[in-house]
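Structure record follows, encoded as structure tokens.
The values are calculated or read from the model by the stated rules, or taken from the named source; none is laboratory data. Given the structure is predicted, the values throughout are model-derived calculations rather than measurements. Ideal geometry is used to build each Cβ from the backbone, glycine not excepted, and the neighbour counts take in all protein chains shown.
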Amino acid sequence: MKDDMLDRALRGISLPAPSEEARAKALARALVALSNSDAVSAHRHGIGLRWILATGAITVVCAILIFVLPKSSVESSPTDTSILGQVAKLFPDRLEAVVERQGSVDVLLAQSDLPLSEQPVILVLSRGREVVRVLSYGGRRVCLRLNGQEACVEVLAEGDGNVIVAGKDFVWSKGNPVQVEGFSLRAHILSPLS
């Protein structure tokens with residue numbers, strides 16, 4: 001079967017949406033598998049093995065998040081804080097952001113330890129039907145590809161509950177809405193991690 005025929009055949013298949021119970025079980029199984037003490041011990045023994053395990057963990061987390069993150073919601077949902085907290089447990093001091101774009105999920109990790117932040121935030125960038133949802137923390141720098149350009153922003157959570165997003169040549173706030181690479185931007189604080 002040729003690749004294009006296979007691609008069309010696979011696109012024609014519609015799968016039922018997974019139940020909440022199935023999502024919870026998949027997340028629990030992945031977390032148990034990733035927290036296995038033998039895997040963590042082996043992870044410490046070599047750089048090659050570290051990369052293999054990290055890549056595998058990111059793949060599993062992304063697969064789980066595709067089913068867990070809300071598909072049609074542009075704004076935050078009650079599970080956003082929980083998702084961010086669970087991924088942060090897998091990558092303590094390294095998680096920059098969880099990014100959902102057009103049904104795919106990316107986990108952005110820092111090369112070195114990040115300062116502690118317990119204030120989760122959500123950024124929503126939208127242009128037409130394209131929506132990019134970013135779950136991160138106040139005080140983090142997040143870099144995304146928008147319109148083929150890298151756009152880096154710093155997310156600042158204020159004490160009064162507002163969010164400021166600062167980029168190379170802009171500052172966004174609720175009172176000063178701006179576009180980023182042609183995308184409209186909204187941001188707000190999520191419920192704190194418990």
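Observations
- Residue pairs whose Cβ atoms lie under 6 Å apart, sitting 6 or more positions apart in sequence or on different chains, and linking a residue in the stretch 149-176 that is outside any strand (DSSP E or B) to a partner that is surrounded by 12 or more Cβ atoms within 10 Å (Cβ to Cβ), are GLY161/ILE189; PHE170/VAL178.
- Residue within the stretch 124-139 that is surrounded by 15 or more Cβ atoms within 10 Å (Cβ to Cβ) and outside any strand (DSSP E or B) present: yes
- Looking at GLY103, GLY85, just one residue is out of contact with any Phe, Trp or Tyr (no Cβ under 9 Å at 6 or more places or on another chain), of a type outside the set (S, T, N, Q) and surrounded by fewer than 12 Cβ atoms within 10 Å (Cβ to Cβ), and that residue is GLY103.
- The residue that is nearest to LEU125 (Cα to Cα), among those in the stretch 177-194 that are assigned to a strand (DSSP E or B) and among the β-branched types (Val, Ile, Thr), is VAL180.
- The numbered conditions (1) closer than 25 Å to PHE183 by Cα; (2) outside any strand (DSSP E or B); (3) modelled with pLDDT of 80 or more; (4) within 13 Å of the chain's Cα centre (by Cα) are all true for ALA97 except (2).
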